[in-house]
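The values are calculated or read from the model by the stated rules, or taken from the named source; none is laboratory data. Everything quoted here is computed from the prediction, not taken from an experiment. Cβ sites come from the backbone with ideal geometry, for glycine too, and all protein chains shown count toward neighbours.
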């Protein structure tokens, strides 16, 4: 298991500036964690370079962006995009029999998932084909990137690839039962995870979330050597998740969202960072707090640990920052609802005996139970219902504060990284916001 290493102190400002290069390894969609660090690179005047996953036409092979798509993506990023399709994974990769892993999931139902048998040998064939495609396109990306990094420039490469849920329509009803099911609709995550369908998901999560990081470090080895020989710095950063310390009953305590099935892939990501760090590569996985984004909407309840951030900011001396966030949050509540009541309900959930039984870091990630799922989902629904507009909720305002603070912490720490894996808990997030 990775040694628990929380970042406690706000790092000094990074020394990046004009002429240095920032690379976003993963395409920017919507608003989320990546925006925070891109904003920091932009403020520092760095040259911004991005990647794209490419696009598919009618489930055909990934292709580069069209001129129109490229212009839109570059405007969104605020920099140049290297137009090599870097979609990772293999869910749409046909094996020798012409079937893709997604094809093999047709007909899978919650009632039959435990006994559904998949052709794992054919799935492995698809995985290897997808890996070969990705590595070939990654080599093209690395070659072009080498030509865009001028002599003497410092280089920060940020890995944002994550996920890997196979794009099968039959899978979403299953996952909704795993992550949102209660009572008769509850589907144990352990049953799902130990099925052939779960094994397919595990392979996919590993490929997309973790192994892309190792491949990135390998593919940019010659570029890294060139930059370092010239006396400049090269750092790699990646977004992890491994639970988070938040204020519970007035004390910072580690907790986690359950069931986080991508957790095993996130541990694999940490292992990649530890491995290359031992080889002298400055690569750090920053385990970041739970936030509410479009991509996390499936994981109802993940936002519950966000609410105590407001109290953490006040505790860490950020009364002015906290007042502004509190006012913005209060404005989103229904008439007659109050932030104090919302925070009290969130704390009661986090401090509950059921939730406390899941607070052992060394046992992470954990599978769900009917009692735990019911408690979490009921609490989530109750607190979400306090917002006036279900599309504009309190935790969205708190999420924005978190990804801005995380972006600054990662950006500054990456200038002189001290460890391959760090936890960014609510204490240091609050100190960054209070500074």
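List of remarks:
- Test result for residue 78, surrounded by fewer than 17 Cβ atoms within 10 Å (Cβ to Cβ), touching a residue at least 40 places away in the same chain (Cβ under 8 Å) and in contact with a helix residue (DSSP H, G or I) (Cβ under 7 Å, 6 or more places away or on another chain): yes
- In segment 47-61, the residues that are on the phi > 0 side of the Ramachandran plot and at pLDDT 95 or above: 54
- Selection status of residue 334, over 22 Å from residue 175 (Cβ atoms), touching a residue at least 24 places away in the same chain (Cβ under 8 Å) and either under 25 Å from the mean Cα position of the chain (by Cα) or surrounded by 21 or more Cβ atoms within 10 Å (Cβ to Cβ) (or both): no
- For segment 206-260, a residue qualifies if it is in contact with a helix residue (DSSP H, G or I) (Cβ under 8 Å, 6 or more places away or on another chain), in a loop (DSSP other than H, G, I, E, B) and more than 15 Å from residue 270 (Cβ to Cβ), and the qualifying residues are 220, 233, 249, 257, 258, 259.
- Where helices (runs of 4 or more DSSP H) fall wholly inside segment 15-106, the ranges with 3 or more residues that are closer than 27 Å to residue 411 by Cβ and in contact with a strand residue (DSSP E or B) (Cβ under 8 Å, 6 or more places away or on another chain) are 33-43, 67-77.
- Filtering 29, 22 for residues that are touching a helix residue (DSSP H, G or I) at 6+ places or on another chain (Cβ under 6 Å), closer than 15 Å to residue 81 by Cα and either modelled with pLDDT under 95 or surrounded by 15 or more Cβ atoms within 10 Å (Cβ to Cβ) (or both) leaves a single hit, 22.
- Checking 342, 306 one by one, the residue that is buried (at least 23 other Cβ atoms within 10 Å of the Cβ) and either in contact with a helix residue (DSSP H, G or I) (Cβ under 7 Å, 6 or more places away or on another chain) or touching a residue at least 60 places away in the same chain (Cβ under 8 Å) (or both) is 306 and no other.
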